[in-house]
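Presented below is the structure to which this report refers.
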Amino acid sequence: MANGLKSIPAVTAAELGKQGALLVDIRESNEVARVAIPGAHHAALSSIQQAEIPGPADQAVVFFCASGNRTNTYAGLLAAKANGRDAYVMEGGISGWYRAGLPTRTG
């Protein structure tokens with residue numbers, strides 16, 4: 001567990017997403033423009049303090065970045081943004097998602 005966020009593999013994150021968890025992409029806009037996870041909510045780390053994480057209090061949240069470094073570095077801040085919800089960091093970020101053969105959108 002990284003500062004309040006449980007670390008989970010991409011396949012588990014995908015399964016949680018299917019069950020209604022909110023996937024939150026903390027990469028910057030230029031990164032998201034290149035490749036993204038369909039349906040993920042974007043809340044760039046550079047403006048995360050002002051960002052609202054939508055959804056009900058019982059909805060789990062899975063944060064991810066490009067490789068997992070930013071989510072692990074800022075895990076405490078992200079856990080606080082989850083506001084008491086079950087919160088996770090996706091191991092390997094979107095790179096891990098891609099390596100697991102999970103769907104992405106480009107452009």
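Looking only at segment 86-107, filter to residues that are open to solvent by 30 Å² or more (accessible area, probe 1.4 Å), touching a residue at least 12 places away in the same chain (Cβ under 8 Å) and assigned to a loop (DSSP other than H, G, I, E, B); which one of those is farthest from F63 (Cα to Cα)? Working first, answer last.
Keep residues of segment 86-107 that are open to solvent by 30 Å² or more (accessible area, probe 1.4 Å), which gives 86, 88, 91, 95, 98-107.
Keeping just the survivors that are touching a residue at least 12 places away in the same chain (Cβ under 8 Å) gives 86, 88, 91, 95, 98-100, 102-107.
Now narrow it down to the ones that are assigned to a loop (DSSP other than H, G, I, E, B): 86, 91, 100, 102-104, 107.
Numbers: D86: 11, E91: 10, A100: 17, L102: 16, P103: 17, T104: 16, G107: 21 Å.
In this case the residue turns out to be G107.
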Subset of segment 37-83 (residues that are assigned to a helix (DSSP H, G or I), surrounded by 18 or more Cβ atoms within 10 Å (Cβ to Cβ) and touching a residue at least 40 places away in the same chain (Cβ under 8 Å)): R70, T71, N72, A75, L78, A79
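The values are calculated or read from the model by the stated rules, or taken from the named source; none is laboratory data. In this text the structure is predicted, and so the values were computed from the model without any measurement. All Cβ positions, glycine included, derive from the backbone under ideal geometry; neighbour counts span all protein chains shown. Just the protein is used for accessible areas: all its heavy atoms, side chains included, with ligands, DNA and RNA removed. Shrake-Rupley method; radii C 1.70, N 1.55, O 1.52, S 1.80 Å.
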